[in-house]
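Novice: Sending over a structure as structure tokens; questions will come in a sec.
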Amino acid sequence: MAIGEVIGIWIAAILTFMIFSFLYKDNPVFKLGEHIFLGFAVGYSWCIYYWNDIFPQAIQPLAYPGPGLAGNWHRFSVLIPIILGIFIILRIVPSLAWLSRNSFALYIGGFAGMAVPNVISGVFLPQLTSTIAPLGPGWAAGLTQFVLLLGVFCTIVFFFFSLEHTGVVGKVGRIGVLFIMVAFGASFGYTVMARISLLIGRFQFLINDWVKGVILHQAP
Amino acid sequence: MQFLKRRLPVIIAFCAGMVFWVQYYVPSQASQDLLETFTASWAIILFGAAFILGVLSAIEHHWTKITLKKAGYGYSLVALLVFGTMILSGWFPAQPSIRLGGAAPTLSWGMLAATLCLLIGIVSAVSYLLGGNGERRYSRGMTALVFLILGAVGAFVIQPLASGYMLLWKVSNPAFIGQTIKPDSMFMWFFDHCFVPLDSTMFSLLAFYIASAAFRAFRARSFEATALLISGCLVMIGRVPLGEQLILIPKGVLVSWYTAYLHLVNLPVPPDLATTLADLNITSIAGWILNSPNSAAQRGILLGVILSQVAISLRIMFGIERTYMGGGE
Amino acid sequence: MIEFMRRFLNLDRRIIYAIVFFCVLLPLIYPIRAKFTPTEEVKRAYNAIEALEPGSAIIISCDYGPSTMPENYTFYVALLHQCFRKQLRPIILTLVDYGPGLCLRGLKEVLESKDSQGKLLYPDRQAGRDYVFLGFKPGSTSVMLGIGQSFTATFPNDYQNQPTTTMPIFREITALGDCKYIVDIAAVGLPEFWLPYASAREKVPMSVNCTAVSVAQYYPYYTAGQFQGLVGGMKGSAEFETLVGMEQITGKIPDATRGMPAQNAVHIFIVLSIILANVMHISVRRADLSARRAG
């Protein structure tokens, strides 16, 4: 294993233990690790955003257009979003912060308008169609579909607050609560699985790469 | 001025929203070109600008902590130093030159030394600017000057002359895009050995907390809470290999029961019954829970969320929802 | 007895942490093989990709970061193996800024993997022709809509700054509608955007690999057939690795599969602790109630 890799794994292990130290209690070592993480996260994101977004989308068409675009004046149209982007950045200057409202209005308004037809036709209608599908084929599929239909209806009734939840509506709402609790229980079960998986991943690194690979010099 | 500050954004939001709503129904080439221009170019640049705003805000927050010497400002100093190191390694392309002994992610010795000099110089300069009067301040100032000059000469003169790269010129050369993020670059070394372990470990702490919460806090205090816990336990066991081993009703018994039922109601027995039925184990129960009651409740919630999404979109377009404009005049 | 139960219910959390620590550590040090059968959700995802014709383009969106590597990265590597074995053409992109490093790492791992004779498994795979890694672009919805119009306009260069207009793969595959499948590997809620803005809009089927936290909320889409397959969490990734045959391909047990015994152990501990704690809680409460009635 190359020395660069060995140093890297030692640093990774030390940083891992710095974060794990929080399990005992909050301490300066954890805080240091936390702030190192913050520095790396922001620095890494900056470089990725610059080389994948800002440079190829905004700077390159203007300064380094490439052979196909050199004589094409259409490339200067990126000046409009660049100016709008500068308006966004000017939000940190209190007297000029109002300029950013126009940029935010454009993309929030634009995407709000886009969302309506896409979400209705792409998600809402297919979900409704699937809910009110015929029961069957077979009694097993029919039972599952019936439970699905009942559950969706009862859940929607539970969240319908324009009617008072008494009498029949109240009882239907209670059935809806039961379905919701079952769903949340399933989510909880899966959440436990997710968190444990992440811990297993860290332990696999510590055991395989650090202890076996670096300390005991075993082959991977 | 009020028009520009308050009314114009609302008008822009309405017009943009209506244009892109109607665009969905217009199949012409002009309509597709409009969508392409907005999504492939404009929106992506705007998101980049929003990210820059976020970074500047984060830097400003930590810089304020340092300048005002608030509690824990040392940590903010570390955060900014690490941020600077990552920027130097990733924004300014580091050419792979001297290898640390093999085909591993490399660091350039010359660049590392120059970078460290620059960082020490910057820290000393900050300390000088923040410090009081007297001998210590003078010595910090001299340290800052010396290290900044050394670092600048090393990074921008000696290292480029030694390796053939002139750093400032190469920054803007598009041929370098991707080189900072190549597998054998300093930038990726920091990513693989510093950022990945930190990010992974932060989230893995949650495993301990969820185990502790499960024991100390999850109590079946009502019928609904009991349903939640039973469902949770069944899914937890059902979605690990153990769930398949906990068989409640074996396949053979299910096949004989179903065959007897079919005979009772005078229906033919399917020839592939033995293959279509399986053991009734915790895994199959968990699967049914997820596909049926869970799916039902989640779908009910989803339908409500979609309707509120549509409602909020309409409120934004018609100017009723203006939180995106922020406070102020 | 009741006093013991009362003290047990207030057990120091650090003892619980220690038990979890050993439940995870011991099965990893002394590995036991855990047998499991792939579930229907994972089989459908695998079969849908197996059914694609060689040469088909498949979008792989790696929307995850280092924090969810055990659940997502393991699936990504298995998927790449399946794609290259089937001679599919993966178009890899990422909509989160932490994705590029892991995408590159996975691609490198798969393209450099060797068989038992030491020969490269996929020796003739060329970037730009057989696969392409487009890199990262922010603004998820705008990227999805953008590639629905044109790949080359949304990603003028790939991750290594090679112009996409000159790539052979983009001579036939100009937009999302020309692709045959979408696989979203997500740690954040992006499948719910891929569906309306890409899959439903361009009529391209999709499957999802997500973290276990999000799986339960994606079941409505799976039962409605909008997601053809749903590979959830590390168990889902382990099942997918089994279907792809990762152990035969790489010659060692893949990471997600290796983690299953530890997952077993901790889940048993947590379920038993919930049951035990609730039984003790009910007993203590009853004892307190009868003491209050008597007193």
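The values are calculated or read from the model by the stated rules, or taken from the named source; none is laboratory data. Keep in mind it's a predicted model, so treat the numbers as computed, not measured. Glycine also receives a Cβ, built like all others from the backbone with ideal geometry; neighbour counts cover every protein chain displayed.
Novice: Just to be sure before I move on: is B:Ser212 modelled with pLDDT of 85 or more and among the polar types (S, T, N, Q) in the structure I sent?
Specialist: In short, yes.
Novice: Tell me whether segment B:71-87 contains one or more residues that are closer than 20 Å to A:Ile59 by Cβ and part of a helix (DSSP H, G or I).
Specialist: The answer is yes, given that some residue of segment B:71-87 is closer than 20 Å to A:Ile59 by Cβ and part of a helix (DSSP H, G or I).
Novice: Among the candidates A:Ala2, A:Ala12, single out the residue that is among the small types (Gly, Ala, Ser), surrounded by 15 or more Cβ atoms within 10 Å (Cβ to Cβ), in contact (Cβ under 8 Å) with a residue 60 or more places away in the chain and within 7 Å of chain B (Cβ to nearest Cβ).
Specialist: Just one listed residue meets the conditions, A:Ala12.
Novice: Then there's this: If you go through segment C:87-94 one residue at a time, do you hit one that is within 22 Å of C:Val213 (Cβ to Cβ) and under 16 Å from the mean Cα position of the chain (by Cα)?
Specialist: Within segment C:87-94 (the criterion being within 22 Å of C:Val213 (Cβ to Cβ) and under 16 Å from the mean Cα position of the chain (by Cα)), the answer is yes, since at least one residue qualifies.
Novice: Pick out, from segment C:12-99, the helices (runs of 4 or more DSSP H) lying fully within it that include 1 or more residues that are acidic (Asp, Glu).
Specialist: In segment C:12-99, the matching helices (runs of 4 or more DSSP H) lie at C:40-50, C:69-85.
Novice: The conditions are (1) farther than 27 Å from B:Val55 by Cβ; (2) without any contact (Cβ under 8 Å) to a residue 12 or more places away in the chain, and A:Ile132 fails exactly one of them. Which is it?
Specialist: Against the list (1) farther than 27 Å from B:Val55 by Cβ; (2) without any contact (Cβ under 8 Å) to a residue 12 or more places away in the chain, A:Ile132 comes up short only on (2).
Novice: Would you tally the residues in segment C:242-262 being more than 13 Å from chain A (Cβ to nearest Cβ) and closer than 17 Å to B:Glu244 by Cβ?
Specialist: Qualifying residue count for the region: 2.
Novice: In addition: What do you reckon, is B:Ala30 at the interface with chain A (Cβ under 7 Å from one of its Cβ atoms) and either modelled with pLDDT of 85 or more or on the phi > 0 side of the Ramachandran plot (or both)?
Specialist: The answer is no for B:Ala30.
Novice: Which members of segment A:157-185 meet the condition of being of a type in the set (A, V, I, L, M) and more than 7 Å from chain B (Cβ to nearest Cβ)?
Specialist: Those that are of a type in the set (A, V, I, L, M) and more than 7 Å from chain B (Cβ to nearest Cβ): A:Val157, A:Leu163, A:Val168, A:Val169, A:Val172, A:Ile175.
Novice: Look at segment B:281-329 and say how many of its residues are within 26 Å of B:Gly232 (Cα to Cα), surrounded by fewer than 18 Cβ atoms within 10 Å (Cβ to Cβ) and facing chain A (nearest Cβ under 7 Å).
Specialist: Of the residues in that region, 1 qualify.
Novice: In addition: For residues that are β-branched (Val, Ile, Thr) and over 29 Å from B:Asp199 (Cβ atoms), scanning just segment C:178-228, find the one that is surrounded by the most Cβ atoms within 10 Å (Cβ to Cβ).
Specialist: C:Thr223
Novice: Let me confirm something: among C:Tyr46, C:Tyr17, which residue is over 20 Å from the mean Cα position of the chain (by Cα) and of a type in the set (Phe, Trp, Tyr)?
Specialist: Going through C:Tyr46, C:Tyr17 in turn, just one is over 20 Å from the mean Cα position of the chain (by Cα) and of a type in the set (Phe, Trp, Tyr): C:Tyr17.
Novice: I would also like to ask the following. Does at least one position in segment C:147-164 carry a residue that is within 26 Å of C:Thr74 (Cα to Cα), in contact with a Leu (Cβ under 7 Å, 6 or more places away or on another chain) and within 14 Å of chain A (Cβ to nearest Cβ)?
Specialist: yes
Novice: Which condition number in (1) at the interface with another protein chain (Cβ under 7 Å from one of its Cβ atoms); (2) at pLDDT below 85 is the one that A:Ala58 fails?
Specialist: Status for A:Ala58: all satisfied but (2).
Novice: Quick check on this structure: which one of C:Thr39, C:Thr68 is of a type in the set (Ser, Thr, Tyr), crowded, with 21+ Cβ neighbours inside 10 Å and out of contact with any Phe, Trp or Tyr (no Cβ under 8 Å at 6 or more places or on another chain)?
Specialist: C:Thr39
Novice: Show me the helices (runs of 4 or more DSSP H) found entirely inside segment A:97-166 where at least 3 residues are over 30 Å from B:Ser41 (Cβ atoms).
Specialist: Because the criterion is at least 3 residues that are over 30 Å from B:Ser41 (Cβ atoms), the helices (runs of 4 or more DSSP H) in segment A:97-166 that meet it are A:125-131, A:138-158.
Novice: Mind listing whichever residues of segment B:48-70 are in contact (Cβ under 8 Å) with a residue 24 or more places away in the chain and within 18 Å of A:Leu38 (Cα to Cα)?
Specialist: B:Ile59, B:Ile66
Novice: Which numbered condition trips up B:Arg6, out of (1) more than 7 Å from every other protein chain (Cβ to nearest Cβ); (2) touching a helix residue (DSSP H, G or I) at 6+ places or on another chain (Cβ under 6 Å); (3) touching a residue at least 12 places away in the same chain (Cβ under 8 Å)?
Specialist: (2)
Novice: Restricting to segment B:206-265, name every residue that is more than 20 Å from C:Leu9 (Cα to Cα), of a type in the set (Lys, Arg) and more than 12 Å from chain A (Cβ to nearest Cβ).
Specialist: Scanning segment B:206-265 gives a single hit, B:Lys251.
Yes/no per residue for (1) surrounded by fewer than 19 Cβ atoms within 10 Å (Cβ to Cβ); (2) away from chain B (no Cβ under 14 Å); (3) more than 24 Å from the chain's Cα centre (by Cα):
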{"position": "C:Arg6", "(1), (2), (3)": "yes, no, yes"}
{"position": "C:Asn10", "(1), (2), (3)": "yes, no, yes"}
{"position": "C:Ile32", "(1), (2), (3)": "yes, no, no"}
{"position": "C:Ile59", "(1), (2), (3)": "no, yes, no"}
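Novice: Is there a residue being modelled with pLDDT of 90 or more, in a helix (DSSP H, G or I) and under 12 Å from B:Thr283 (Cα atoms) anywhere in segment B:241-255?
Specialist: Scanning segment B:241-255 turns up no residue that is modelled with pLDDT of 90 or more, in a helix (DSSP H, G or I) and under 12 Å from B:Thr283 (Cα atoms).
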